[in-house]
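Okay, so here's the structure we're looking at.
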Amino acid sequence: MNAPLLSAQGLTKRFGGLAAVNEVSVELWRDRIHAVIGPNGAGKSTLTNLLSGDLPPTAGRITLNGHDTTGKSPEHISRLGLGRSYQKTNIFAPFTVWENIRLAAQSGERHSPWNPLHWVGNAARNARVNQRCERALELAGLQSRAHVVAGTTSHGEQRQLEIAMTLATEPTVLLLDEPLAGMGQAEAESMVGLLLRIKPEHAMMLVEHDMDAVFTLADQLTVMVNGQVIASGEPGAVRSDSEVQAAYLGEEH
Ligand code: ADP
Ligand code: MG
């Protein structure tokens, strides 16, 4: 389809006198990774939180899969096809990898207990949910870890699990906040592989500090500084932009 799955115009978020996000517009297209970079405090996580509904914008408008989602709840936005991961790991440590994925998938299910067909539909629904979970497990490369307690897996596997949990809700748009944070080389490489595997089916916004990963993955690159977009476009062109060099890429990142 020739339209972005998510588009935001003029998004602004003020915390008191601080404009953490200031007049930012973004588009996310299927089979494209839109990377957002910028120094700490630039407003990247706040932008993610605005798009996901975790924070209401002060101004601006968000459209997701043809619906106006401005100011809507995270649950509502999630049901319309948005999945996100958080900067901080967010799994249920005492449960197994499979149980985590299953719980995430179930949280996206709609229940209608007074429908007489509910009990008849239960088995079929369960089979469908399991199928979704299997697919998420496989895409995340965690098949061999399904029955391991999540809290005992490596940091890299826990981040893969978070993505599997998000995939289990079958989003069309994914917002990933620093999925490579704290990873070593091998873990980072397997996360890059995972993101490439899921790219064709999704529109993705990737907030990330790892520049190797960003330049491997990004189809579009946006640079934020102090809540504002200072450059956005094809990654090679943005990289050679002198304002970007001075503000960010010239630093030791
Ligand atoms: P980034 O993810 O790019 O590091 P953030 O979006 O976390 O940046 O933060 C952008 C700015 O907004 C920072 O100055 C931060 O201190 C401020 N900020 C973020 N969340 C809040 C909040 N809930 N209340 C007040 N200020 C906030
Ligand atoms: Mg952040």
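Bear in mind these aren't lab numbers, they're just calculated from the coordinates by the rules spelled out. Since the structure is predicted, the reported quantities are computational estimates derived from the model, not experimental observations. A quick note on method: Cβ atoms are made from the backbone with ideal geometry, for glycine too, and the neighbour counts reach across all protein chains shown.
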Notebook entry, point to check: If you add up the charges near TYR86, with Lys and Arg at +1 and Asp and Glu at -1, over every other residue whose beta carbon is less than 10 angstrom from its beta carbon, what do you get?
Noted result: -2
Margin query: Run the numbers for ASP31 and ALA123: contour at 0.36 nm per residue of separation, minus the present Cα-Cα distance, in nm.
Written below: 29.8 nm
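Based on the mean of other Cβ atoms within 10 Å per residue, sort peptides 66-76, 193-203, 48-58 so the most packed one is first. All intermediate terms of the calculation are to be shown ahead of the outcome.
Numbers: 66-76: 13.7, 193-203: 16.9, 48-58: 20.3.
Most protected by this proxy first, the peptides run 48-58, 193-203, 66-76.
Give the average over all directions of the projected area of the C-alpha convex hull of the chain, one decimal, in nm².
On the way: hull surface 59.6 nm².
Average projection, Cα convex hull of the chain: 14.9 nm².
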Notebook entry, point to check: Setting aside same-chain residues fewer than 8 positions from LYS44, which lysines have a Cα under 18 Å from its Cα?
Noted result: LYS13, LYS88
Checklist line | Sum of side-chain charges, PRO200 neighbourhood, beta-carbon under 13 Å (Lys, Arg +1; Asp, Glu -1) | finding: +1
Check: What dipole magnitude, in Debye to the nearest 20, does the chain give about its Cα centre under +1 on Lys/Arg Cβ and -1 on Asp/Glu Cβ?
Finding: 980
Checklist line | Inter-label distance, nm, simple model (7 Å from Cα along the C-beta direction), ASP219/ARG135 | finding: 2.0
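Helix-only estimate, please: 222 nm mean residue ellipticity of the chain, summing -39500 (n - 2.57) across DSSP H runs of length 4 or more and dividing by its residues, to the nearest 500. Walk me through the intermediate numbers first.
On the way: 8 runs with 87 residues, N = 253.
Value at 222 nm, helices only: -10500 deg cm²/dmol.
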Notebook entry, point to check: With θ set to phi - 60° and the Karplus curve 6.51 cos²θ - 1.76 cosθ + 1.60, what are the ³J(HN,Hα) couplings of the stretch 218-233 in order, to the nearest whole Hz, using x for Gly and Pro?
Noted result: 6, 8, 9, 10, 10, 10, 10, 9, 6, x, 10, 7, 9, 7, 7, x
Margin query: Just to verify a number: FRET efficiency for ASP68 and ALA186, C-beta to C-beta distance, R0 = 41 Å, to 0.05?
Written below: 0.45
